[in-house]
Structure formats: C-alpha cells, structure tokens
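Shown next, in structure tokens, is the structure this report addresses.
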Amino acid sequence: MDRIQRIWGEPTPFGSGEEWSQRVDAHLAVAESEVERWVQSACVLCSNGCGLDIAVKGGRIVGVRGRVEDRVNHGRLGPKGLYGWQANNSPDRLTRPLLRRDGALQQVSWEEAMSVLVARSQQLLGESGPLSHAFYTTGQLFLEEYYALALIARAGIGTPHLDGNTRLCTATAEWALIESFGCDGNPGSYTDIDVCDTLFLIGHNVSETQTVLWMRMLDRLQGADRPRLVVVDPRPTPAAREADVWLPIRNGTNVALLNALLHELVANGRVDRDFVAEHTVGYEALAETVEHYPPERAAEICGVSAHSIRNAARVLGEAERLVSTVLQGVYQSNQATAAAVQVNNVNLLRGMIGKPGCTVFQMNGQPTAQNTRETGANGTMPGFRNFENDEHMNELAALWNVEPLMIPHWAPPTHAMQMFRFAEEGSIKFLWINCTNPAVSLPELQRIRSILGQERLFVVVNEAFLTETAQLADLVLPAAIWAEKTGTFTNADRTVHISDKAVDPPGEARADFEIFLDYAERMGFSDKDGAPLLKFSTPEEAFEDFKRITAGRPCDYSTLSYEQLRGGSGIQWPDGRERLYRDHVFLTAADVCESYGHDLVSGAENDQDEYRAHDPAGRAFLKAAEYIPSDEQPNDDYPLLLTTGRSVYHWHTRTKTARAPELDAAAPEVWAELARGDVQRLGVAEGDLVAVESPRGRVEARARVCGIREGVVFLPFHYGYWDEPDGSAPNGRARAANELTITRWDPVSKQPLFKVAAVRIEKLADADGNTAAAPEVTAIPS
Amino acid sequence: MNKIGLALRELYRAEEDLADEYVKAGERLAVEHEVYYACKRFAQQCHLHAETLRTFAVRYEEELPAADDDEVGETTTASLRHRVSELLGRRPESGLLLLRSLRQLYLQAQEVSFHWIIAGQIAQATRDQEFLSTVDRLHRETLTQIKWLKAQAKQASPQALVAASG
C-alpha cells in the first residue's frame, strides 16, 4: 500500500470498549527473509512513541516493522516512521569533528576537538564564571543523555542556563499541567480514546502530527458508538473534516472561545457540583470571569457564530466520557498557558479526569520531550522538583552529593529565549547546542543568525548532519543517532520505551551520551567529597541513577528496568499505572507541588508563603483568565494573520525526512495556504508565486488556495536552506517561515508564539503551469 | 479641605506616574522582549486604574483629570529610545540598565500599593461596598505587578552583576 497517499492505512473500526485491533505496518528495503536481525526500538518522528523493530542486514538498517504487542500502536506506523529511517544511511552524515579555522570548518580529530572544547570551557569559567555557559538541547535525545547533561550543567558547571528546544513544543503542556494539577505528567492513557464518547481537539492537528493516534481516533469515529468530535482549528484539517462541530476561529483567540464554552457549561448546569466542591479550588472566581463571556461576545472576538459555539458547548456538556486534547494551536499562540489551562477547566468542571475515557491530554510535540521535563533539562529541576522548595533542592543536592548552593535555584532556570537574549548582549559566551536547529526553528531568524554568528560567542553543535546551525558553529561534533545507540524515552501518555543499538554509527560519530561523559571527565567535575560527579559510564547505569533520583517522586522510574522494557510493550510510569489521579487527589499540596504557580495573564510567580497559607492540599486549581488580544494585530500594512505549523511528511527542519526519498518527494518545497475568500482580492490563483511579508522579513512560496479561514495564511515551518547553495541563510530567495515570526513568548510557559504574526501577500509571478508543493491529501486545493 | 479627595488624588498621581515609567522603561528596554511586552500591558493597566479611580472620586467630591493613554512605542521620543535600546542591547552592560529600570518600577509600584491600602481603609470607613470591591480588585493587580517585577529582578541580577563582570 502506498502510505504516502494513504497516510492512515487500512481502517480497522472498533466500538467503545472493544480492543483496538492489531495491524502490522512495515517497510523494508529487502525481502523479509534477508533480514538478519530485528532490534527493539520505538519511533522518534513524533511524540506518539510507537513501538517498532529495526531490521538489520550487513550492519545497516534495511527497514522497520511496528511492534504488534505495543500498547501505543498495536503494530501500526505512520509515514514518517515507515520511511524516515533511511536518513541514518544518508551519505552526507557527519563522520568527523569539524573545527572553525580561518573562517571555515575543517576536519579535526576527536582528541583535538575535545581539547579545544575543554580549553575554551575552562578559560571562560575562569574568566567569567558559570553564568557564561549555556546549553540548548533538544527533544530528540534519550532520557539518559538529558540526565547526564542536566547533572553536568546544574551541578558540574552550576549554571541556570540549560533548556531544550522542547521550550518551542512542549513547555506549555508542562506548565498547563503544573498550574492545574500541581505537577507535570499527563493524567490519562491512550486507551481512554477506546472508551470515550466525546473528543475535543483544540489546536491539535492530530491527523498530521500524530498519525497513529489519529488512526485510533478515526477507527473509533468509523466504528460502532461513534464518539462526537469537536475540533477548533483555523484550517480544514483532516480531523476538522470529520468533526460534528468545527470552529475555525481567528488565531490568537483561544481564551475567549474557551471562556465562552465554560460560560455555557456553568449557565446550563453542566458542572459536576460534587466533584468541584470536593476536588477543586477557585470555582467562584472562574464562574465570575466566564460570566462575561456569553457566546455572542466570543463569536465577535473569534470570528465564528454564537450558534456554533453553543453547539460545541452542548456536545461537551452532554459528554459522559470526555477526552480533550491540546497542541501547538494553543501552545504557540496568544495566551498559551492561560488557554491550555481553560481546557483543563472543561474536564475539571465536568469531573471528567482520572477515570476511563475521561481525561485531558496536554500533548507533547517531540518524541522525547517528556524526558527533558523529567530530567530537568527543560528549565525545570530533575524529578519534577520545585526550585523554590528548599527541601526539594536539599534532597536533590544530597542525592548528587553536592552542596545545595552549587545547584542554581535563586530564580527559575533560564528559558531558551532568554538564553539567546543573554548571548545577544554578550554575557553568555559559550553555547552548546545538541541536535537541534535554532537557525531555522526559532522566531525572527535574521536575529538568531546574527546572534549565532557573533565572534565573541563560542558555539558548539552536536549534529548528525551539517544543518544551518552547524554551519554557523565554531565546533561541530558528529553525533550518533537513533538506532546507533541505546537508551530510553517516554511519550505523551507516560509510556517508556527502550531503543536498543542496532547498528554502528558512521565514521567516527559518537553518541551524545559518550560526548557528555568525555567532557565531564576532562573537566574533572566532582562531588563534594572529590569523587567524580557522574557515577555512571553506560546508559543503563545512568538509567539506574535516574531511578534513584525519581524514587518517590511523581515520575517514579524506580520500578522499571532495561530488562523489563525489553521484549514486550512499552510501560507507563509510575509502575505501569494507566491513569494518574484515580482518587482525585492532585499533586498540589505545598510540600509536593512542582511550582507554586503563576498569574496566568502576567506570568507573575505566586508567593510561597501565600501558597502555603491557602494550601490546596490535593485539590486541583480552577484558574481563570481574561482574554487579552495578541500584540500584533493585522493592520493596514499587514492585513493578514500568519500561522505556521507542521505537515504530515516532515519532521522539524527536514534534517531526517528530506533524506527519505518518499517523504521528500511528497512535500519537496515550501508552500503558502491562502483562503478562497481572500485570493480574488489579492489577485492570486493556485500555484502563483507569492511573497509573504511581515515587519521582520519576507518569504517566497507558491500559493495553495484552500479552505483555510479567511484572513489567515499558513506556512509550514520545515523549510530552511541546508539543501540550497550556501545553505545557512537565504540566498536570494527566503523560504523559512521563521523569517517572519515575532520574538514574543508566553508569560508563563515562555513558549515562543509562532502563530500570531501580521503579514501581507504580494503576487510575484503567475503559476505558469506550476502548482504548490502542498500535499493534496491534507491541504485540499479548492 | 477634602482630605479623602486629596488621598485619592495622590493614588491617581502615583498610578499615572507609574504608567509613565512603564512606558519609558518599555521603550528603553525594547530589546528585552519579555519586559517590553509586560511594560506595555502594565502601562495600560495603570491608566485603567487611574480612570476607574476617577469615576469613584466623584463620590468624594474630587474631580480628577482624564487619565493619559500614552502607550509604549507611541511617545514622541519612542523611536529614539528604541534605537538607543538596540545600540546598548548588544553590550553586557545592558543588564545593569534593566536592573535600574526594574528598581525604579518596583519602588513606584510599592508606592501605588501603599495608596491602595489607604483607599481600602477609606472605602471601609465610608461603608462604600462597591468602592471596596473595586479597590480590592485593583490593588491585587498592583500586587501582581510587584511580584512580576520582583521575579524579573531575581532572574536578571546574577547575570547583570556576576556574569557580566568577567
């Protein structure tokens, strides 16, 4: 079957409470009989975490096959999972370290590369201290690698400047969970989809971003006892096309819409009074806030009819088993955390959490994003510890055998956008980037390139390929990737998978884990007794150490082991538990919580003493927020609203997916989605070349005329410059969506807002027989 | 002499002065993105506080002028300040400028908070329930501003004073 055209494969419909059937998806470059070994792993090309086995022949990867026994996918794989592995075998993998000399990157030995790295690091620590060092990691490594990095940064160097690109994808998920439930960790299980009677998807184009999860939903939607589906998205996504109620709201207005939905639940007596009284705090203030958001008001703000808002509220109000899911349409948009929290409030008001079929999913973007959060590599502390709680920090220091003051906790760990600001002003002088591509993925690329290009900033990049970012580095370390090293990672429903090493890395490439350990040893990081700080030398030993750090914490790994993870399905933490909060006792108690929380509108941190004085002691928070319009509104010069996003065939900046021929051919070039209702006025037709311009930059793309909301333009953010001549920056024709985006982030989660920039369209040339490279399966032409 | 009116006028002035300071700080610190947007919103909030106070002052026979509506980025010197911000923004000393601005805002916000305490006492002693609830709501907003300023200062100071000294 052509899984490029048939993204979700053969349907296998099922009814409520039935077992989702097994279906084994595989793609092999050789006959199955020629496969010499199958090695257990899971997919790293979205946050779903589908179990798969890697086929090996002659020391090379020759394909993949879904693991039928895995709880996440029951054997299924999506297009990226099926075809993406080919990137491992790509001839342009980095195989030797590269050092910038006389302005150009030149091959050097590992010994020389590490000596240069350590010498510069020690020199800067001596001159400027630990605050000169920053680490910008990813959502693509394994738990053990993040843990080693967190230990090095927090207790070896002692810098608050460690964050992941997970700040761009998952920080709002994390903070929405903390603000409502006191702690990170998704409450539910993917099996909740099997028994729900209502699905509420907001800003979550699951049909493209988590194709296998959509297969599960689609199979329910096509089976007996079809659940009802409400979708909020300005684009007519495949999920929106299946919806009972689709609300194509103006981007940036999520809080207004959600307040109106909550208004309707309250006004129509759809609140589970007993649950709210026993298990939550803040109901009065929430009811008072949403009272001012009747559907008519939200209709005006959001640009959808009051009637459709009432319909959506009716579906949510009549639900008996409600699964709500949230992703980037909320997380990367205006008032990100405030909006995500209102989705939690929908489930809390309905008392629908911690029970089969009843949950909210604050989804993750990347495959291992969950682990950056658990290990403290994402602007948090290891084991979901609270940096303001002295007991938590003393405990961590004791476990690591360092003085508590060694671990910076005078303020929240620095978030990625602030790290780049410190690098811009010059107080950060050493920036180590692992396996991520900020020169394409961060907002306002002109600025990011100019920061990375500074002479006074020493940029180290671990990478598998010469990305746009690697081209700007001073030192590039060739990294082994998935299938070339062993480690574990955790998906959005807390399922932990092991990924075993199947093949050797190419050339001299090394696992990030080995690189970090080598650095730590050369730097001589030690604990307070003078023993080496890192007391492990293999990934399994690091996992065992992490078990010690999380024992008794909410993300308790202590009952898991490599041995247990091998052979069967992935296993959820803690202790294989499907759902958190079954007793409706949340993790909000002052001694337990991961944070004392924030004012959702301003981002001001709550005061510890005040929190303790009103200790919610296990009740969930119902936190209210007024709608505040986004800062950059369409105006006379820039009359349209830009939203950026992911498309089904690509992952991030196409580093891997463009090296898989099927995926590359399916979406080889950037496109711009324009609304039918706008194109006549703009004088643009399908396939025309247009310029999309914002106050910060300009991008050229062919137009796809489609059913997107009027006044809104969509650009996929995947396309950069590495596969063009001179590929670290635009060379004549810019095509990275982030040339246009704004440097602005959510006040609570600090997640950049990629989905609210004002733009204008200018037609540059007729289609002349060309069409937009947009996939017709997902962006249907008018 | 209208002593209540005088107290409310002082609060009004303090809010308007704080709004001014947010506007200036926002423009001066345009490259500190989070501070820039927060200043923008807090300036609007202070103006709104002043305007709300004006409607209540009438009850105490005090006539206050209409509140300003200066916004970050819209004053006559905005583009100059913005340019200076960009020029200084690439120097490590810009952290000191940030700290100085945060200190000034923090002190003025404390002053505003003090006046709201007094306003609350007036509302109670004059048995004005509506004014009392309004004072309570607006004072909480000022306290939130103070928390925000405090958190920013805690984050900015090590980088400005310890890291940048090297």
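The values are calculated or read from the model by the stated rules, or taken from the named source; none is laboratory data. As the structure is a prediction and not an experimental result, all values here were calculated from the model. Note that each Cβ is placed from the backbone with ideal geometry, even for glycine, and that neighbours are counted across all protein chains shown. With ligands, DNA and RNA removed, areas are computed over all heavy atoms of the protein, side chains included. Shrake-Rupley method; radii C 1.70, N 1.55, O 1.52, S 1.80 Å.
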Neighbourhood net charge (15 Å Cβ-Cβ; Lys/Arg +1, Asp/Glu -1) for A:L457: +4
Charge dipole (region A:448-563, unit charges on Cβ, about Cα centre) - positive-most of A:T467, A:F516, A:N491: A:N491
Globularity index of chain A, i.e. its alpha-carbon radius of gyration over 2.2 N^0.38 Å: 0.89
Whole-Hz ³J(HN,Hα) from phi, Karplus 6.51 cos²θ - 1.76 cosθ + 1.60, for region A:227-237, glycine and proline x: x, 7, 10, 10, 10, 10, 5, x, 9, x, 5
Selection from A:G354, A:W110, B:G73, by position along the positive dipole direction of the protein assembly as shown (Cβ): A:W110
Region A:243-258 - phi-based ³J(HN,Hα) in whole Hz, Karplus 6.51/-1.76/1.60, Gly and Pro as x: 6, 6, 10, 10, 10, x, 6, 5, 4, x, 10, 4, 5, 4, 5, 5
Percent accessible area from carbon and sulfur atoms, region A:641-782, protein chains only, probe 1.4 Å: 46 percent
Residue-normalised accessible area of region A:407-480, expressed per residue, 1.4 Å probe, Å²: 17 Å²
Surface accessible to a 1.4 Å probe, per residue, for the residues of region A:170-278, Å²: 22 Å²
Violating pairs (Cα-Cα greater than 32 angstrom) within the set A:K485/A:K755; A:K429/A:K656; A:K755/B:K150; A:K501/A:K755: A:K485/A:K755; A:K501/A:K755
Cα→Cβ-extended label distance, 7 Å offset, between A:N635 and B:S113, nm: 3.4 nm
Carbon + sulfur, % of accessible area of chain B - ligands and nucleic acids excluded, 1.4 Å: 53 percent
Cα-Cα pairs of region B:60-106 separated by more than 11 Å (percent): 76 percent
In the A-B interface, the accessible area buried, summed over both sides, Å² (probe 1.4 Å): 2700 Å²
Complex-versus-alone comparison for region B:142-157, residues with a loss of 10 Å² or more in accessible area, probe 1.4 Å: B:T144, B:K147, B:W148, B:K150, B:A151, B:K154, B:Q155
Label-reachable residues, region A:242-279, where backbone N falls under 16 Å from a point 7 Å from A:H307's Cα toward its Cβ: A:245-248
Simple label model, 7 Å out from Cα along Cβ direction - B:Q104 to B:T55, nm: 3.2 nm
Two-site FRET efficiency, A:R456 against A:W410, from Cβ-Cβ distance with R₀ of 22 Å, rounded to 0.05: 0.30
Cβ-derived FRET efficiency at R0 51 Å, B:A66 paired with A:T771, nearest 0.05: 0.35
Charge sum, other residues only, whose C-beta stays under 14 Å from A:Y649's C-beta, Lys/Arg counted +1 and Asp/Glu -1: +1
Cβ-placed point charges (K, R +1; D, E -1), dipole of region A:711-770 about Cα centre in debye, nearest 20: 380 debye
Inter-probe distance in nm under a simple model that places probes 7 Å from Cα toward Cβ, at A:D609 and A:R226: 5.9 nm
Share of carbon and sulfur in the accessible heavy-atom surface of region A:483-632 [1.4 Å probe, %]: 45 percent
Sequence-distant residues sharing a close amide H with A:L229 (under 5 Å, placed H): A:L199, A:D244, A:V245
Per-residue [θ]222 nm for chain A (sum of -39500 (n - 2.57) over DSSP H runs n ≥ 4, rounded to 500): -8000 deg cm²/dmol
Relative contact order (percent, whole number), chain A, Cα cutoff 8 Å, 6+ residue spacing: 19 percent
For chain B, accessible area per residue (1.4 Å probe, heavy atoms of protein chains only), Å²: 50 Å²
Angstrom value of the Kirkwood radius, inverse mean 1/r, which spans all Cα pairs in region A:254-368: 14.4 Å
Dipole-positive endmost among B:L102, B:L11, A:Q122 within the protein assembly as shown (Cβ charges, Cα centre): A:Q122
Highest-first arrangement of A:696-706, B:85-95, B:150-160, A:761-771, where packing means the average Cβ count within 10 Å: A:696-706, B:150-160, B:85-95, A:761-771
1.4 Å probe, heavy atoms, protein only - residues of region A:422-449 losing at least 30 Å² accessible area vs chain alone: A:F422, A:E424, A:E425, A:S427
Distance histogram for region B:76-166 (every C-alpha pair counted, 5 angstrom bins, percent rounded to whole numbers): 3, 13, 16, 14, 14, 12, 9, 7, 6, 4, 1, 0
Charge context of A:G727, other residues only, Cβ under 15 angstrom, K/R +1, D/E -1: -3
Total charge dipole magnitude, chain B, about the Cα centre, Cβ charges on Lys, Arg, Asp, Glu only, Debye to nearest 20: 740 debye
At least 40 Å² of accessible area lost relative to the chain alone, listed for region A:590-627 with a 1.4 Å probe: A:S602, A:A604, A:E605
Long-range amide H partners of A:T359 with built H, under 5 Å: A:L322, A:V323, A:S324
FRET efficiency estimate (nearest 0.05) - Cβ-Cβ, A:V585 to A:E626, R0 25 angstrom: 0.25
Charge dipole (debye, nearest 20) of the protein assembly as shown; +1 at Cβ of Lys and Arg, -1 at Cβ of Asp and Glu: 840 debye
